[in-house]
1. Looking only at the stretch 234-275, count every residue that is modelled with pLDDT of 95 or more and charged (D, E, K, R) and tell me the total.
2. Check 109, 115 and return the single one that is among the hydrophobic types (A, V, I, L, M, F, W, C), over 14 Å from residue 66 (Cβ atoms) and modelled with pLDDT of 95 or more.
3. Read through the list (1) surrounded by 14 or more Cβ atoms within 10 Å (Cβ to Cβ); (2) under 15 Å from residue 213 (Cβ atoms), then give the number of the only condition that residue 298 fails.
4. Is there a residue being surrounded by 13 or more Cβ atoms within 10 Å (Cβ to Cβ), part of a helix (DSSP H, G or I), within 23 Å of the chain's Cα centre (by Cα) and outside the structural domain of residue 184 (by TED's automatic domain parsing) anywhere in the stretch 110-124?
5. Kindly evaluate residue 71 against the criterion of being closer than 19 Å to residue 166 by Cβ, in contact with a helix residue (DSSP H, G or I) (Cβ under 6 Å, 6 or more places away or on another chain) and aromatic (Phe, Trp, Tyr).
6. Does residue 219 count as charged (D, E, K, R), in contact with a Ser or Thr (Cβ under 9 Å, 6 or more places away or on another chain) and modelled with pLDDT of 95 or more?
Amino acid sequence: MRFSGSETCVDALRIHNEYTRDHDCLGGVVLNLFDLLKLWEPAFSPEKAKVHLARYNGEDHPLDVFIQGGFDKWQSRQSNRNFKLPYVVSLIQAGSPTRWLFAGLFRTVECVESVGPKPVYIYTLERVPAAEEWVGRLYLSSNYTKRNSYPYGETLAGDLAVTELLAERLSIGQFPGFKKVNLTKSQLDVVVQQNVDSWRSALSSVKGIYLITDTHTGKLYVGKADGATGIWGRWCTYSTTNHGHNVALKREFGIDAPPEREKDLRFSLLEIADLHAMPGEIDARESHWKEILLTRSHGYNLN
């Protein structure tokens with residue numbers, strides 16, 4: 001389905017959503033991202049754009065970077081002159097090789113080469129305001145699975161179909177319940193830095209026993225949160241320090257550790273307790289879990 005310039009983007013998405021809802025399928029109706037881009041930015045054309053297919057690069061997960069609010073800065077640093085054309089269409093891989101989240105339409109302003117052992121190109125990219133309403137909300141499908149992360153616009157001009165429109169911009173999400181807590185370090189940082197209300201309210205309402213997993217070594221650390229601010233207060237400390245001042249974790253994730261090591265941490269809950277629980281009760285449960293999970297002999301617990 002094509003849309004003329006007289007139709008608004010909202011109209012286009014409304015038609016798409018209503019048809020999908022009424023027919024319970026796309027039924028051949030395909031809303032293409034580049035059609036929308038032309039509505040948002042009349043000067044845009046596929047020939048004037050590079051597409052940035054942001055994938056895991058061995059160090060950073062772009063979706064985590066986006067949710068943390070650091071995508072623009074992250075994208076601006078390139079090892080090659082990847083954005084030579086007037087526009088950049090930024091997409092983030094979302095779960096599968098063919099599923100992408102729209103992260104923005106940018107105008108290329110300038111590029112400065114940074115002097116160093118390896119060339120680094122710092123781009124100034126300006127977001128197109130008319131496209132901002134849809135950032136973090138549009139999901140797309142594409143048959144493009146080649147390794148090139150910076151294809152020309154013409155390559156994907158007819159291959160970015162809108163599959164989903166979220167009601168709100170993608171974020172860390174609401175607190176899922178104590179039994180389902182399983183956060184990466186990056187996700188924990190987002191929760192703490194953004195002071196997400198549902199997470200803060202839940203985690204500050206309980207004491208308890210938590211588990212930290214080092215996904216690189218497989219080692220575990222069992223910890224307790226028995227202070228007045230509950231698990232929330234304890235995990236805020238991990239967010240700012242990586243190690244929470246625990247001796248073994250400090251050795252592994254302290255100031256001398258490579259910055260990427262913190263990405264190996266995951267945080268989950270083993271059990272929770274009332275804020276009025278006595279310290280002795282919490283200590284006993286912590287000891288129980290250390291014995292069950294063998295974290296004294298095979299993990300990061302030293303006592």
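1. Residues in the stretch 234-275 being modelled with pLDDT of 95 or more and charged (D, E, K, R): 3 in total.
2. 109
3. (1)
4. No, the stretch 110-124 contains no residue that is surrounded by 13 or more Cβ atoms within 10 Å (Cβ to Cβ), part of a helix (DSSP H, G or I), within 23 Å of the chain's Cα centre (by Cα) and outside the structural domain of residue 184 (by TED's automatic domain parsing).
5. When the stated conditions are applied, residue 71 passes them.
6. Yes; evaluated as a whole, the condition is true for this residue.
The values are calculated or read from the model by the stated rules, or taken from the named source; none is laboratory data. As the structure is a prediction and not an experimental result, all values here were calculated from the model. Neighbour counts are summed over all protein chains in view; Cβ atoms, including those assigned to glycine, are modelled from backbone coordinates with ideal geometry.
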